[in-house]
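Here's the structure, in structure tokens; my notes come after.
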Amino acid sequence: NLSECSTRLEDVQIARVVDDVHALMELYNHCPGQRPTLVGHDFGGAVAWYFAMKYGKEALERLVICNSPHPHAFRRELKTNPDQRRRSSYMKYFMVPWLPELWLSRWPESTLADLLDSTARRPSPFLHVQHKILVAASVQPSALTKMLNWYRAMYRLQSGIELSVIDVPVLVLWGVRDKFMTRRLTEDLHDWVPTLRTIYYDECTHWVASEEPERMGADIDAHCRADASSSSGDAEASLSSAM
């Protein structure tokens, strides 16, 4: 969370970030001919969806998404689902220049961490430590602007990548008790994701990886092995890229 990052909005345009991820894969994949599995959560999931649309089988073996809506589903539900519009309404406030930064910067770090904790299933010392690390990063110079720019770029800039059918096997892991995303975001997607498989975590919130890490790991492993048995057979050797 302390790496350098630009405050320019265009630097977090989806197309630019997708190409950055592709460049990293090319740089660090030391197994020529083997394609990685990309795992994405939240905004990392948004990047992963678009990555799969742009590069597909050329660059990926498979895709895993955790509590991040497919772009088509998100647009659809914002138009047709009042409940999803209500849950996403906070994003509109983040569009305002400088005021959200001023407001958030005046909150004590402990209060911000507690606020994030309130979105989880139950008090979790492990998750609280993660949230404290995130909050500590947010008080670095210009950090809040860099974080909020992800929301601003999503609304103000075109993604730069056309929506298209995804041609790699996709596993969606979904915490049903997510306070910000409805289950409807996972439905009616087979025209866009023909190989889609969804696993619902009925007792989990937005933080599935922290609330059920062992189960999530087992589900991802099973997804990779199942795909390998029906395709190239090299899943155990493939590189897993997490965002």
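Scanning the range 193-206 for residues that are surrounded by 16 or more Cβ atoms within 10 Å (Cβ to Cβ) and either without any contact (Cβ under 8 Å) to a residue 24 or more places away in the chain or over 26 Å from ARG122 (Cα atoms) (or both) yields VAL193, LEU196. Filtering the range 36-79 to residues that are closer than 20 Å to ARG225 by Cα, touching a residue at least 60 places away in the same chain (Cβ under 8 Å) and surrounded by fewer than 21 Cβ atoms within 10 Å (Cβ to Cβ) leaves PRO36, GLY56, LYS57. As an exercise: evaluate TYR93 against (1) under 18 Å from MET181 (Cβ atoms); (2) in contact (Cβ under 8 Å) with a residue 60 or more places away in the chain; (3) surrounded by fewer than 18 Cβ atoms within 10 Å (Cβ to Cβ); (4) not β-branched (Val, Ile, Thr) and give the number of the one condition it does not meet. Tallying (1) under 18 Å from MET181 (Cβ atoms); (2) in contact (Cβ under 8 Å) with a residue 60 or more places away in the chain; (3) surrounded by fewer than 18 Cβ atoms within 10 Å (Cβ to Cβ); (4) not β-branched (Val, Ile, Thr), TYR93 fails exactly one: (2). Pairing residues of the range 8-30 that are within 15 Å of LEU148 (Cα to Cα) with residues that are in a loop (DSSP other than H, G, I, E, B), at Cβ distances under 6 Å and at least 6 apart in sequence or on separate chains, gives GLN13/LEU157; GLN13/GLY160; ILE14/SER159. Among the conditions (1) open to solvent by 70 Å² or more (accessible area, probe 1.4 Å); (2) at pLDDT 85 or above; (3) among the aromatic types (Phe, Trp, Tyr), the only one that PHE126 does not satisfy is (2). If we scan the range 169-177, do we find a residue that is surrounded by 21 or more Cβ atoms within 10 Å (Cβ to Cβ), more than 15 Å from the chain's Cα centre (by Cα) and within 28 Å of TYR201 (Cα to Cα)? Yes: the range 169-177 contains one or more residues that are surrounded by 21 or more Cβ atoms within 10 Å (Cβ to Cβ), more than 15 Å from the chain's Cα centre (by Cα) and within 28 Å of TYR201 (Cα to Cα).
Here is a yes/no grid of residues against (1) touching a residue at least 24 places away in the same chain (Cβ under 8 Å); (2) open to solvent by 70 Å² or more (accessible area, probe 1.4 Å); (3) in contact with a Gly (Cβ under 9 Å, 6 or more places away or on another chain):
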residue	(1), (2), (3)
ARG152	yes, no, no
LEU163	yes, no, no
ASP167	yes, yes, yes
MET181	yes, no, yes
LEU185	yes, no, no
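With a requirement of 1 or more residues that are aromatic (Phe, Trp, Tyr), the helices (runs of 4 or more DSSP H) lying completely within the range 89-141 that satisfy it span 90-94, 99-105, 125-138.
Test HIS190 against the stated conditions and say whether it is loosely packed, with under 14 Cβ neighbours inside 10 Å, over 17 Å from the mean Cα position of the chain (by Cα) and under 22 Å from PHE51 (Cβ atoms). In short, yes.
Restricting attention to the range 209-220, the residues that are open to solvent by less than 70 Å² (accessible area, probe 1.4 Å) and at pLDDT 95 or above add up to 5. The residue of the range 142-175 that is nearest to MET91 (Cα to Cα), among those that are among the hydroxyl-bearing types (Ser, Thr, Tyr) and not in a loop (DSSP other than H, G, I, E, B), is TYR151. Within the range 130-146, the set of residues being of a type in the set (A, V, I, L, M, F, W, C) and within 20 Å of the chain's Cα centre (by Cα) comprises ILE133, LEU134, VAL135, ALA137, ALA143, LEU144. Among the residues of the range 176-193, which ones are under 24 Å from LYS92 (Cβ atoms) and either touching a helix residue (DSSP H, G or I) at 6+ places or on another chain (Cβ under 9 Å) or modelled with pLDDT under 95 (or both)? Hits for the range 176-193 are ASP178, LYS179, PHE180, MET181, THR182, ARG184, LEU185, THR186.
The values are calculated or read from the model by the stated rules, or taken from the named source; none is laboratory data. Remember, it's a predicted structure, so these values are computed and weren't measured experimentally. Virtual Cβ from ideal backbone geometry, glycine too; neighbours counted across all protein chains shown. For the accessible areas, the whole protein counts, side chains as well, though only heavy atoms, and no ligand, DNA or RNA atoms are used. Shrake-Rupley method; radii C 1.70, N 1.55, O 1.52, S 1.80 Å.
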